[in-house]
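Novice: Have a look at this one.
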Amino acid sequence: MSPHAMPHAEDFRAGQALGVDHRKLGMWLFIASEVMFFGGLIAAYLHYKYSLGFPEIELLNVVQVGVNTLILLSSSLTVVSALAALQAGRPGRMALFLVLTIVLGVAFLSGQAYEFASLYREGVTLTSGVFGSSFFTLTGFHGLHVAIGVVWAIVVLLGGLRGAYTAERSMGVEIFGLYWHFVDIVWIMLFTLIYLIP
Amino acid sequence: MMTATSAAGWRRYFGWNTDHKVIGVQYIVTSFVFFLLGGALAMVVRTELAAPGADVLDGATYNQTMTNHGTLMIFLWILPVVAGFGNYLIPLMIGARDMAFPRLNALSYWLIPPAGLLMLSSFFAGGAEAGWTAYVPLSIGGPPGQTLWALSVLLLGFSSILGAINFLTTVITMRAPGMSFWRLPLFVWGMLATAILSLTATPVLTAGLILVALDRMVGTHFFTVSSGGDPILWQNLFWFYSHPAVYIMILPAMGIVSEIFPVFARKPIFGYRMIAMSSMAIAVLGMTVWAHHMFTSGMDPRLRIPFMVSSMVIAVPTGIKIFSWLATTWYGKIRLTTPMLFALGFISMFLIGGLTGIFLATIPVDLHVHDTYFVVGHLHFVLFGGSVSAVYAGLYYWFPKITGRQYDERIGRAHFAINFIGTNLAYLPMFLAGLLGMPRRVADYDPSFTSLNLWATIGGFLLGISVLPFLYNALLSWARGPKAEANPWSSLTLEWQTSSPPPPQNFAVIPTVTHHPYAYGDTPGAEAVAAPATAGAGGSR
């Protein structure tokens, strides 16, 4: 660490900063930029959905994706439980919930892979037309975010096993949680806009 | 501890460094190199346009030249140079030791050189020739260089977003004790508004560029017209970012001149809160005006009116600023130093750019002059007469702080004179040519426009020449100029209350801020905003 960064970190610990943790604020701002990014992709999808009609929507398996949605939503619960366990001073329980989160995240991704494969068998691909392009790009970028979240969850889990987090030092887990919940909320938007609204 | 530059030396500027002052200089110097390259391309364009006929370049080469000129100037010069000022100044101005995320900050900078190389390498891959706006289907059908162009702008967008997160977090969480929002220097307010815009608008361009890149690299059909792809969608996504980008480029410039006027008029800034809030108003309104670039694109005519109105409303906060600056100089004890000259030049030329912007927001006028040289004149008065003048003003004003040396005032004034004459000579004839119907982005033109273009070319070359005294002055003074005092201009903002250049940790002790930063004139002896942290870092008084 460069010499000037040391007292810098001390100022933070001295609590000079409005009571807002800079890491948490940074994450919120990052999420704000992500909202605009998905906003751009969603705008492109909706623009084409309403101008072209997208008959391929008939091919989507709402039930299978609905189950997948439930899987992802329950992973938010496990993330909340992991943080609560840590703050209650039970790091072992936190590790358990993080493992559950990782399992649920991988399950969601597997479900998405199954869905993509089914659509490819029906001839709907990334390059088959505007629907394929915008559907796979939008849901694929969400899937990428889930995958990044799973990797992050593994990193947090390993840190937890090493004892990097305690009830007082839980910010790392909390910030991971912010990201994870955001990715979940994006999926609620996508599921509604793509699968539920005709 | 107080000698910052000598020990670590110049080498630290060439490697990974998390000191915001090093990163600030890295940003400023790197972007200046791209400014020189972009300027060289402009000279090529003006040479081609000096006489009618496609005599120097063929059409495709001309398009590549003007595309790279525009993109370099916007994405690799003005955006990063103002980020450089932000990096260097914000922690000093708010009394912090560094940015909130120093390593992220270094990453934001280090994305820029590879992005710049990617952009320039497009010349060797068939070129990018769709203009800086990269309208589809031009940008989809173009040569492979267009893919490099898109990836380069994508990277620069990431850099901007990361920078914005850092600026906002720093200003919100790292202010020194007593540094309330209403005591923030106006440059910091300008950067705050800029960061909000970068954070919210850039990701939409990222999304759009990803669609273009996928179309080009993977074969998706977002913009394949035969499959139902819609070119207007790109225009919406592009301008949703790129109109706010104009404010991203001008709000920090306005912040810079807001620092300079009170110092060199020795008067408190007029309308501090109005200037701060008008920056915020521009940031918010700036998000609602993008479609005024698309009046001729076949949009629903009913949508034109709201976009015309919102675009014109931006003139109100902008006018507030201009009148506040003029009122600041009113009866002031004006010192016509180089920074002050550039700041005054900024007002006069930005005013021309701003007023012609109102012409362009007016639907019937826009339908007539859309895609003519009138637009080219307008945007160059805003971005060159405006942003670049302010950047020069800032470079001179903070030169002693950044380098610890004083520049040569006479060469600085000569630079201003050549730059001012060159700007007006280059861009004023463009308004006339545009009104007479000369289209932009074409290598050839009707012979009736010859004399107007010749004047513009002479002006353009004057601008090219004007860089020489600046470079001479900056390089020579940085190496061998007389040592600068901590506070040579008797300024009151915090960055002047530490040594020149500041020590690595900025302040020996974090200062406690006790009042407003612009109490010039009305306070006898003009006290500094904060009790000097230590005798050593306390500056000249």
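Novice: Taking residue B:126, is it surrounded by fewer than 24 Cβ atoms within 10 Å (Cβ to Cβ), without any contact (Cβ under 8 Å) to a residue 40 or more places away in the chain, in contact with a helix residue (DSSP H, G or I) (Cβ under 8 Å, 6 or more places away or on another chain) and at positive phi?
Specialist: yes
Novice: Okay, next question. Any chance segment B:464-477 includes a residue that's under 18 Å from residue B:44 (Cβ atoms), touching a residue at least 40 places away in the same chain (Cβ under 8 Å) and assigned to a loop (DSSP other than H, G, I, E, B)?
Specialist: no
Novice: Condition check: assigned to a helix (DSSP H, G or I), away from chain B (no Cβ under 14 Å) and touching a residue at least 40 places away in the same chain (Cβ under 8 Å). Does residue A:105 satisfy that?
Specialist: Numbers: assigned to a helix (DSSP H, G or I): yes; away from chain B (no Cβ under 14 Å): yes; touching a residue at least 40 places away in the same chain (Cβ under 8 Å): yes.
Yes; evaluated as a whole, the condition is true for this residue.
Novice: Would you check if there is a residue in segment A:121-137 being under 17 Å from residue A:34 (Cα atoms) and at pLDDT 95 or above?
Specialist: Step one: list which residues in segment A:121-137 are under 17 Å from residue A:34 (Cα atoms), which gives A:137.
Still in the running and at pLDDT 95 or above: A:137.
So far as segment A:121-137 goes, yes, one or more of its residues are under 17 Å from residue A:34 (Cα atoms) and at pLDDT 95 or above.
Novice: When you go through (1) part of a loop (DSSP other than H, G, I, E, B); (2) surrounded by fewer than 17 Cβ atoms within 10 Å (Cβ to Cβ) one by one for residue A:193, which number turns out not to apply?
Specialist: Checking residue A:193 against (1) part of a loop (DSSP other than H, G, I, E, B); (2) surrounded by fewer than 17 Cβ atoms within 10 Å (Cβ to Cβ), the one that fails is (1).
Novice: I'd like to verify a number: residues in segment B:175-188 that are of a type outside the set (A, V, I, L, M, F, W, C) and within 13 Å of chain A (Cβ to nearest Cβ), how many? Walk me through it before giving the result.
Specialist: Start the filter on segment B:175-188 by keeping residues that are of a type outside the set (A, V, I, L, M, F, W, C), which leaves B:175, B:177-178, B:180, B:183, B:185.
Narrowing the set further to residues that are within 13 Å of chain A (Cβ to nearest Cβ) leaves B:175, B:177-178, B:180.
Counting residues in segment B:175-188 that are of a type outside the set (A, V, I, L, M, F, W, C) and within 13 Å of chain A (Cβ to nearest Cβ) gives 4.
Novice: Right, here's the next one. Quick one: which helices (runs of 4 or more DSSP H) lie wholly within segment B:286-401 and hold at least 2 residues that are of a type outside the set (D, E, K, R) and under 21 Å from the mean Cα position of the chain (by Cα)?
Specialist: Values: elements: B:301-313, B:315-329, B:338-361, B:363-369, B:373-380.
Helices (runs of 4 or more DSSP H) meeting the threshold: B:315-329, B:338-361, B:373-380.
Novice: Let me ask another. What helices (runs of 4 or more DSSP H), lying completely within segment B:4-88, carry at least 1 residues that are buried (at least 20 other Cβ atoms within 10 Å of the Cβ)?
Specialist: Working: elements: B:5-8, B:20-49, B:59-71.
Counting at least 1 such residues, we get B:20-49, B:59-71.
Novice: Another question, then. Could you tell me whether segment A:175-187 includes any residue that is assigned to a helix (DSSP H, G or I), within 14 Å of the chain's Cα centre (by Cα), surrounded by fewer than 18 Cβ atoms within 10 Å (Cβ to Cβ) and of a type outside the set (A, V, I, L, M)?
Specialist: Here is the first cut: in segment A:175-187, the residues assigned to a helix (DSSP H, G or I) are A:175-187.
Imposing the further condition that a residue be within 14 Å of the chain's Cα centre (by Cα) reduces the set to A:175-187.
If we keep only those that are surrounded by fewer than 18 Cβ atoms within 10 Å (Cβ to Cβ) as well, we get A:178, A:181, A:185.
Narrowing further to those that are of a type outside the set (A, V, I, L, M): A:181.
Yes, some residue in segment A:175-187 is assigned to a helix (DSSP H, G or I), within 14 Å of the chain's Cα centre (by Cα), surrounded by fewer than 18 Cβ atoms within 10 Å (Cβ to Cβ) and of a type outside the set (A, V, I, L, M).
Novice: Mind listing just one residue for me: the one in segment A:16-56 that is among the aliphatic types (A, V, I, L, M) and assigned to a loop (DSSP other than H, G, I, E, B) and, of those, nearest to the other protein chains (Cβ to nearest Cβ)?
Specialist: Filtering segment A:16-56 for residues among the aliphatic types (A, V, I, L, M) gives A:17-18, A:20, A:25, A:27, A:29, A:31-32, A:35-36, A:41-44, A:46, A:52.
Subset that is assigned to a loop (DSSP other than H, G, I, E, B): A:17-18, A:20.
Values: A:17: 4, A:18: 6, A:20: 5 Å.
Filtering segment A:16-56 for residues that are among the aliphatic types (A, V, I, L, M) and assigned to a loop (DSSP other than H, G, I, E, B), the one nearest to the other protein chains (Cβ to nearest Cβ) comes out as A:17.
Novice: Any chance you could count how many residues in segment A:36-64 are closer than 21 Å to residue A:105 by Cα and either crowded, with 19+ Cβ neighbours inside 10 Å or out of contact with any helix residue (DSSP H, G or I) (no Cβ under 8 Å at 6 or more places or on another chain) (or both)?
Specialist: Within segment A:36-64, residues that are closer than 21 Å to residue A:105 by Cα and either crowded, with 19+ Cβ neighbours inside 10 Å or out of contact with any helix residue (DSSP H, G or I) (no Cβ under 8 Å at 6 or more places or on another chain) (or both) number 2.
Novice: Please verify whether segment B:488-499 includes one or more residues that are at pLDDT below 95 and of a type in the set (D, E, K, R).
Specialist: For segment B:488-499, residues at pLDDT below 95 and of a type in the set (D, E, K, R): absent.
Novice: For residue B:259, work out the one condition from (1) touching a helix residue (DSSP H, G or I) at 6+ places or on another chain (Cβ under 6 Å); (2) within 14 Å of chain A (Cβ to nearest Cβ); (3) of a type in the set (D, E, K, R) it doesn't fulfil.
Specialist: Every condition holds for residue B:259 apart from (2).
The values are calculated or read from the model by the stated rules, or taken from the named source; none is laboratory data. Because the structure is a prediction, the values reported are computed rather than measured. Neighbour counts are summed over all protein chains in view; Cβ atoms, including those assigned to glycine, are modelled from backbone coordinates with ideal geometry.
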